[in-house]
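Colleague: Below is one structure. I have some questions about it.
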Amino acid sequence: MDSYNRIAPDVTLGEGVRLACFINAYGCRIGERTKIGAFVEIQKNAVIGADCKISSHTFICEGVTIGDGVFIGHNVTFINDKYPRAVNPDGSMQTEADWKVVPVRVGDRASIGSSVTVLCGVTIGEGAMVGAGSLVTKSVPPGELWAGSPARFLRRAPDAPPEGAEPPTA
């Protein structure tokens, strides 16, 4: 099955990482015991923490940092460019020098439902949840449940500590 994966030599895989087939990864770091589903792409300079579950058909682009114990549902897409273009005003093809990566951060133990799109510059806080099919256009505070298009606050996440309480330590 490994022959169907494209894991570049510059990928750092933590101990016990489990990879399904049809994964494309390059220049990234994947933490210990993380499980990556089929048809996932992880680009350079992306960081995935330990003990995460990344479901199939997910796109994790450059500039995305995912904490420990995070769940990413099927078909989740992260965006890292505020104004994407194929060409410059003069018609020449854009290169890496022509745009700026806008990072995305996902806190420890957060959960992102299937078919969510996360726009650049957003932070999804520790223990937060994003409902399936949502479009995340602004940061989600720790321990909150957001959903919709655009995503908006619904309530505290079911397993979140009370607002203002100290999060549990590992």
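Colleague: Only one of (1) in contact with a helix residue (DSSP H, G or I) (Cβ under 8 Å, 6 or more places away or on another chain); (2) buried (at least 18 other Cβ atoms within 10 Å of the Cβ) fails for residue 21. Which number is that?
Modeller: Condition (2) is where residue 21 drops out.
Colleague: Would you pick out the residues in region 63-93 that are of a type in the set (S, T, N, Q), out of contact with any strand residue (DSSP E or B) (no Cβ under 6 Å at 6 or more places or on another chain) and either touching a residue at least 12 places away in the same chain (Cβ under 8 Å) or surrounded by 10 or more Cβ atoms within 10 Å (Cβ to Cβ) (or both)?
Modeller: Of everything in region 63-93, those that are of a type in the set (S, T, N, Q), out of contact with any strand residue (DSSP E or B) (no Cβ under 6 Å at 6 or more places or on another chain) and either touching a residue at least 12 places away in the same chain (Cβ under 8 Å) or surrounded by 10 or more Cβ atoms within 10 Å (Cβ to Cβ) (or both) turn out to be 75, 80, 88.
Colleague: Go through region 49-62 and report how many residues are open to solvent by less than 30 Å² (accessible area, probe 1.4 Å) and touching an Asp or Glu at 6+ places or on another chain (Cβ under 9 Å).
Modeller: 6
Colleague: From 45, 24, which residue is over 20 Å from residue 111 (Cβ atoms), in contact (Cβ under 8 Å) with a residue 40 or more places away in the chain and not aromatic (Phe, Trp, Tyr)?
Modeller: From the options 45, 24, the qualifying one is 45.
Colleague: In region 132-157, what residues are of a type outside the set (A, V, I, L, M), open to solvent by 20 Å² or more (accessible area, probe 1.4 Å) and within 17 Å of residue 74 (Cβ to Cβ)?
Modeller: Result: 133, single match.
Colleague: Right, here's the next one. Examine region 128-148 for a residue that is under 21 Å from residue 46 (Cβ atoms), modelled with pLDDT of 95 or more and out of contact with any strand residue (DSSP E or B) (no Cβ under 8 Å at 6 or more places or on another chain), and state whether such a residue exists.
Modeller: Looking for residues that are under 21 Å from residue 46 (Cβ atoms), modelled with pLDDT of 95 or more and out of contact with any strand residue (DSSP E or B) (no Cβ under 8 Å at 6 or more places or on another chain), one finds none in region 128-148, hence no.
Colleague: What do you reckon, is residue 105 open to solvent by 10 Å² or more (accessible area, probe 1.4 Å) and either among the β-branched types (Val, Ile, Thr) or farther than 19 Å from residue 46 by Cβ (or both)?
Modeller: When the stated conditions are applied, residue 105 does not pass them.
The values are calculated or read from the model by the stated rules, or taken from the named source; none is laboratory data. Quantities reported herein were computed from a predicted structural model and do not represent experimental measurements. We place every Cβ from the backbone using ideal geometry, glycine too, and count neighbours over all the protein chains shown. Areas reflect the complete protein model, heavy atoms only, side chains present, ligands, DNA and RNA absent. Shrake-Rupley method; radii C 1.70, N 1.55, O 1.52, S 1.80 Å.
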